[in-house]
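The values are calculated or read from the model by the stated rules, or taken from the named source; none is laboratory data. In this text, all values refer to a predicted model and were calculated from it rather than measured experimentally. Virtual Cβ from ideal backbone geometry, glycine too; neighbours counted across all protein chains shown. Note: accessible area is taken over every heavy atom of the protein model, side chains too, but ligands, DNA and RNA are not part of it. Shrake-Rupley method; radii C 1.70, N 1.55, O 1.52, S 1.80 Å.
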Amino acid sequence: MSLLIAPSILAADFANLQKEVEMLNSSAADYIHVDIMDGVFVPNISFGIPVTEAIQKHAQKPLDVHLMIVNPDNYLEAFRKAGAEMISVHYEACTHLHRTLQAITALGAKAGVAINPHTPVELLAEVIQDIDLVCMMSVNPGFGGQKFIENTYSKVSRLKELILAKGAKTKIEIDGGVNLENAPKLQAAGADILVAGSFVFNSSDPAHTIQQLKEIPLL
């Protein structure tokens, strides 16, 4: 099975956002990854609900919304109304993670949990069956264009083992530093979805780059 690709709109040309979304619509992308940053949980500010609504207005691919914010529970309903079909919250930002996952599911969205590079996958063992998507950060969150963290491969393998052991249907998404070199290794380790931002949008032909990611050979 080929990998699912979720280009991160954070790396797009904001002055031509509609054009960029339309490019993704016509590409082989499976999702549009939307990074929300508050300048508190991560040292950067991206965009919020109005821009998400604007993206949704033109998007023909599901919005995969990644909340890199404190107190995400306060904004779940708003982002769902803005068009999010998948909502990922950070393990590190949720005091009552199980309750948050229930809230996302009750809104009719897929429930995701993002984990930072230092967070062990084993901490998800008690809720893995309630998680539709684990967004594994393969860079430290907050900025695009960072170098991929090599330890990610072993983390993916351990997470895959946990998912299988628990009989869960959770998908594994990798976010940060993804390229054609590490994509096959990530898939071999157990990844299902790749987020690609700078690698896609900084290329001379983003649609072709997305297609290349979709067609990587299995190891």
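Quick notes
- Yes/no for F79 being open to solvent by 20 Å² or more (accessible area, probe 1.4 Å) and aromatic (F, W, Y): no
Each row is one residue, and each column tells you yes or no for (1) farther than 28 Å from L213 by Cα; (2) of a type in the set (F, W, Y); (3) buried (at least 19 other Cβ atoms within 10 Å of the Cβ).
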residue	(1), (2), (3)
F14	no, yes, no
P43	yes, no, no
D64	no, no, yes
Y75	yes, yes, yes
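- Hits in region 123-147 - residues which are more than 19 Å from K171 (Cβ to Cβ), among the aliphatic types (A, V, I, L, M) and touching a helix residue (DSSP H, G or I) at 6+ places or on another chain (Cβ under 8 Å): none
- Region 156-208, subset open to solvent by less than 40 Å² (accessible area, probe 1.4 Å) and acidic (D, E), residue nearest to V121 (Cα to Cα): E173
- Residues being touching a helix residue (DSSP H, G or I) at 6+ places or on another chain (Cβ under 6 Å), part of a strand (DSSP E or B) and under 14 Å from V65 (Cα atoms) - total across region 100-122: 2
- The lone exception for F79 - which of (1) over 26 Å from N179 (Cβ atoms); (2) aromatic (F, W, Y); (3) free of Cβ contacts under 8 Å to residues at least 40 places away in the same chain it fails: (3)
- Selection within region 86-96 - open to solvent by less than 70 Å² (accessible area, probe 1.4 Å) and either out of contact with any strand residue (DSSP E or B) (no Cβ under 7 Å at 6 or more places or on another chain) or farther than 19 Å from K171 by Cβ (or both): E92, A93, C94
- Test result for A6, open to solvent by less than 10 Å² (accessible area, probe 1.4 Å), farther than 30 Å from P217 by Cβ and within 13 Å of the chain's Cα centre (by Cα): no
- Within region 111-127, none of the residues are under 23 Å from F201 (Cβ atoms), of a type in the set (S, T, N, Q) and free of Cβ contacts under 8 Å to residues at least 60 places away in the same chain.
- Of the listed requirements (1) open to solvent by 20 Å² or more (accessible area, probe 1.4 Å); (2) out of contact with any Lys or Arg (no Cβ under 6 Å at 6 or more places or on another chain), T119 misses just one: (1).
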